[in-house]
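The structure appears below as structure tokens.
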Amino acid sequence: MSKGIISKDEDYSQWFNDLVVKADLAEHSAVRGCMVIKPYGYSIWEKMQAVLDQMFKETGHSNAYFPLFIPKSFFSKEASHVDGFAKECAVVTHYRLKNDGNGNIIVDEDAKLEEELIVRPTSETIIWNTYKGWIQSYRDLPILVNQWANVVRWEMRTRLFLRTTEFLWQEGHTAHATAEEAIAETEQMLNVYADFAENWLALPVIKGRKTPNERFAGALDTYCIEALMQDGKALQAGTSHFLGQNFAKAFDVKFANKEGKLDHVWATSWGVSTRLMGALVMAHSDDAGLVLPPKLAPIQVVIVPIFKSDEELARISAVADDLIKQLKAKNIRVKYDDRDTQRPGFKFAEYELKGIPLRVAIGGRDLTNGTAELARRDTKTKETVQQAGLAENIEKLLVDIQDNIYQKALKFRTENTRKADSYDEFKQMLDETPGFISAHWDGTPETEQRIKEETKATIRCIPLDNPQEDGVCMVTGKPSTQRVLFARAY
């Protein structure tokens, strides 16, 4: 089959778009800036969702659902929050259409809403207005709620999965009696995201804090996980926010503590989105197609029979059926492709494009020899093995493939993380070999903004495991006690 994918070394952006479309993950929709997530792409997202949902529940969280529409007045109650989202909001002004008498459907001018509704860009305001009715006493705390939903942030320049006007995500919103509890929650959820990224997505991440310039609108502190894509750009893969009492004060959410005194509740919010699908593609895939970590692959193993007659196919199918039973008993997701409408070579290319971690081919000669051919997607290597013990062999190989994909991404990140001690060196690194650059910064928003304007690089985070190191800011020469992590980013 012709894959029609440009090389990532020739045009990385086009390679990404080609791959998302050709591998049947998603496509552009009739609505500008929005996408259709196709069944194969959605099955990967469902797997991510299921794993994360279980992780959330294991840490004591429950799912709920809040309205898609938010009264505009709610956004006015938290000034920094509305400033952060004002330019991205979609607004509903009317509630009815009508026929103009000429066969055209128009907005009914008499159906104007008394108060405009915002299509949610995030749910802090509607949730904290709701929490006011849920919380009276310390006995009502903590509230540990997560929501799986869609959100709308009006985008002028969109890219499938990475930046679309509407996207899917989860957003956790918790309420606590003390700042210490809320901060512990913020850190706990950051660790959950890092665990998921590294052990399921096979994506090494750096945990850190955002600078005040880069914090979530309305947060006192924002934690994040940052990953490096194969083009040397960074991608923010998840965030966890300590909101302090800002939203509780804005919506007057108070509780009586154990001493009977009233205090405002302490809050957090945290989320990841379908942007993780973009990370999955960009971090691991190649010019031949997707490379999926086995843990998240909808199909972990595909069995392709190579046959010349119906009789031979029947004999291969008997072997395949036995193998399928053994693999399913090990909770391995397997597909048997015995279509007679496509040749084996077409199937091999199709499953390579879709990133199936392991392919098993069984032909007539294999029946005679008691063998099968195994082909790994991550290394593109093939080997002929005995059918005896094949299920156990496959089980071990899937573990090895998962680890190998992670180690390859980790090696890439290590090789593309450097230190810069002068501004000239910093700019030269950005232009020649993009990646993470560790450099000293004087801590001022003015210097941070200057670097962003002059180089298009931003401070991705202040790593949590940062060592203290005396130095001077690469731009101003002012004293600095630690390096921060810069990169150009998505």
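The values are calculated or read from the model by the stated rules, or taken from the named source; none is laboratory data. Everything numeric here is computed off the predicted structure, so don't read it as measured data. Cβ placement follows ideal geometry from the backbone for every residue including glycine, while neighbour counts extend to all protein chains displayed. What goes into the accessible areas is simple: the full protein's heavy atoms, side chains included, and nothing from ligands, DNA or RNA. Shrake-Rupley method; radii C 1.70, N 1.55, O 1.52, S 1.80 Å.
Below are the figures for this structure:
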{"read-out": "Any hit, the range 437-445, residues being open to solvent by 60 Å² or more (accessible area, probe 1.4 Å) and of a type in the set (S, T, N, Q)", "value": "no"}
{"read-out": "Of all residues in the range 46-68 being charged (D, E, K, R) and open to solvent by 50 Å² or more (accessible area, probe 1.4 Å), the one that is farthest from Tyr131 (Cα to Cα)", "value": "Lys47"}
{"read-out": "Selected residue (criterion: nearest to Gln387 (Cα to Cα)) from residues of the range 316-337 that are outside any helix (DSSP H, G or I) and touching a Lys or Arg at 6+ places or on another chain (Cβ under 9 Å)", "value": "Val334"}
{"read-out": "Any chance Arg96 is surrounded by fewer than 18 Cβ atoms within 10 Å (Cβ to Cβ), farther than 28 Å from Glu46 by Cα and among the basic types (Lys, Arg)", "value": "yes"}
{"read-out": "Test for Ala79: is it farther than 24 Å from Ala489 by Cα and at pLDDT below 95", "value": "yes"}
{"read-out": "Given (1) under 26 Å from Ile44 (Cβ atoms); (2) open to solvent by 30 Å² or more (accessible area, probe 1.4 Å), index of the condition Val302 fails", "value": "(2)"}
{"read-out": "Near pairs, Cβ below 7 angstrom, 6+ apart or cross-chain, from the range 447-464 (at negative phi and among the basic types (Lys, Arg)) to any residue that is surrounded by 14 or more Cβ atoms within 10 Å (Cβ to Cβ) and part of a strand (DSSP E or B)", "value": "Lys452/Thr458; Arg460/Glu226; Arg460/Ala234; Arg460/Leu485; Arg460/Phe486; Arg460/Ala487; Arg460/Ala489"}
{"read-out": "Members of the range 182-196 found to be more than 22 Å from Leu141 (Cβ to Cβ) and touching a residue at least 60 places away in the same chain (Cβ under 8 Å), listed by number", "value": "Tyr193, Asp195, Phe196"}
{"read-out": "Failed item in (1) modelled with pLDDT of 95 or more; (2) surrounded by fewer than 16 Cβ atoms within 10 Å (Cβ to Cβ), with Ala361 passing the rest", "value": "(2)"}
{"read-out": "Some residue of the range 120-129 being under 15 Å from Tyr65 (Cα atoms), in contact with a strand residue (DSSP E or B) (Cβ under 6 Å, 6 or more places away or on another chain), among the aliphatic types (A, V, I, L, M) and touching a residue at least 60 places away in the same chain (Cβ under 8 Å)", "value": "yes"}
{"read-out": "Count - residues of the range 131-154 that are part of a loop (DSSP other than H, G, I, E, B) and open to solvent by 30 Å² or more (accessible area, probe 1.4 Å)", "value": "4"}
{"read-out": "Matching entry among Pro467, Pro479 (being out of contact with any Phe, Trp or Tyr (no Cβ under 6 Å at 6 or more places or on another chain) and more than 25 Å from Leu235 (Cα to Cα))", "value": "Pro479"}
{"read-out": "Residues of the range 248-281 that turn out to be farther than 15 Å from Glu78 by Cβ, aliphatic (A, V, I, L, M), in contact with a strand residue (DSSP E or B) (Cβ under 6 Å, 6 or more places away or on another chain) and surrounded by 22 or more Cβ atoms within 10 Å (Cβ to Cβ), as a count", "value": "2"}
{"read-out": "One residue from Asp340, Asp424 being among the charged types (D, E, K, R), assigned to a loop (DSSP other than H, G, I, E, B) and either modelled with pLDDT of 95 or more or farther than 30 Å from Val472 by Cβ (or both)", "value": "Asp340"}
{"read-out": "Selection within the range 157-180 - open to solvent by 20 Å² or more (accessible area, probe 1.4 Å), in contact (Cβ under 8 Å) with a residue 40 or more places away in the chain and within 30 Å of Asp18 (Cα to Cα)", "value": "Thr158, Arg159, Arg163, Glu166, Phe167, Leu168, Trp169"}
{"read-out": "The range 219-260, residues that are of a type in the set (D, E, K, R), assigned to a strand (DSSP E or B) and more than 19 Å from Phe486 (Cβ to Cβ)", "value": "Asp221, Lys254"}
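Results for (1) out of contact with any Gly (no Cβ under 8 Å at 6 or more places or on another chain); (2) under 28 Å from Leu203 (Cβ atoms); (3) surrounded by 14 or more Cβ atoms within 10 Å (Cβ to Cβ); (4) among the hydroxyl-bearing types (Ser, Thr, Tyr), shown as yes or no for each residue.
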{"position": "Glu383", "(1), (2), (3), (4)": "yes, yes, no, no"}
{"position": "Gln386", "(1), (2), (3), (4)": "no, no, no, no"}
{"position": "Ile394", "(1), (2), (3), (4)": "yes, yes, yes, no"}
{"position": "Leu397", "(1), (2), (3), (4)": "yes, yes, yes, no"}
{"position": "Gln402", "(1), (2), (3), (4)": "yes, yes, yes, no"}
{"position": "Ile405", "(1), (2), (3), (4)": "yes, yes, yes, no"}
{"position": "Leu410", "(1), (2), (3), (4)": "yes, yes, yes, no"}
{"position": "Arg418", "(1), (2), (3), (4)": "no, yes, yes, no"}
{"position": "Tyr423", "(1), (2), (3), (4)": "yes, no, yes, yes"}
